[in-house]
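One structure is given below, encoded as C-alpha cells.
No value in this document is a laboratory result; all are computed from the given coordinates. Computed from a prediction, not measured in an experiment: that's the story for all the values here. Positions of Cβ are generated from backbone atoms using ideal geometry, with glycine treated the same way; all protein chains shown enter the neighbour counts.
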Amino acid sequence: MNPAGTAERNADLARIHIAKKQLGLDDDTYRAMLFAIGRVRSAGDLDFAGRRRVLEHLRSSGFKSTAKRAAPASGWEWVNNAAEGKKRMLRMCAVILRDAGRGKDYIDRMAKKMCHVERIEFCTENQIHDVLSALVIDQKRRAKGA
C-alpha cells in the first residue's frame with residue numbers, strides 16, 4: 001500500500017471510531033453494524049469500499065464530522081519549513097526543478113552527491129548555493145538544447 005493510501009486508511013479508521021463514540025454505540029452494536037455493512041468484525045479489516053459504506057451509514061445515522069481537513073500538501077513543505085536563511089535559495093531551486101519537470105528527489109540526490117548529506121534541507125547555506133549554481137548551469141544547458 002502506498003503512503004498516501006495508508007494515510008487515507010488511517011484517517012478513515014479514525015473517523016469511524018470517532019463516529020462510534022459520537023453516536024454512543026456500544027461494542028456489540030458497533031460490531032454488528034460493521035458485520036451488516038462490511039462483513040467484518042473489525043474496522044481494520046475493511047477495504048476502501050467497505051470504509052466508504054460504513055462512513056456513509058454513520059453519517060446517515062447522525063455522525064457529524066467536526067474536524068477541519070488539513071490543506072492538501074503543496075509539495076513545497078521542504079522549502080516552507082526550512083530555516084529563514086535558506087528559504088530564498090530553496091525557493092529558487094524549487095522553481096527551477098518545477099520548470100525542468102523534476103521532483104524533490106532530484107535535488108536530494110544532488111545534495112547527496114555534492115554535499116554528502118541525505119536531503120537538501122540538511123545543507124548549509126553555502127552548500128545550497130553550490131547546488132543552486134549547478135541547477136542554473138543545467139537549466140542553461142537545457143535551454144540551449146544541448
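Have a look at region 3-60 and give its Rg and Dmax from the Cα atoms, expressed in angstrom.
Cα-based Rg and Dmax for region 3-60 come out at 10.6, 32 Å.
So for region 77-144, averaging the separation of alpha carbon pairs under 8 Å that are six or more residues apart and normalising by length, what relative contact order in percent results? Could you put the intermediate results ahead of the total?
Numbers: 49 pairs, mean separation 20.9, N = 68.
The value is 31 percent.
With runs of 4+ DSSP H residues as the only contributors, calculate the mean residue ellipticity of the chain at 222 nm using -39,500 (n - 2.57) per run, divided by the residue total and rounded to the nearest 500.
Value at 222 nm, helices only, nearest 500: -22000 deg cm²/dmol.
Arrange the following residues from fewest to most other Cβ atoms within 10 Å of their Cβ: Lys113, Lys144.
So the residues, fewest neighbours to most, are Lys144, Lys113.
Rounded to the nearest 20 Debye, what is the dipole magnitude of the chain about its Cα centre when Lys and Arg each give +1 and Asp and Glu each give -1 at the C-beta?
I would put it at about 460 debye.
Give or take rounding to whole Å, what are the principal axis extents of the alpha carbon atoms in the chain, in descending order?
66, 32, 25
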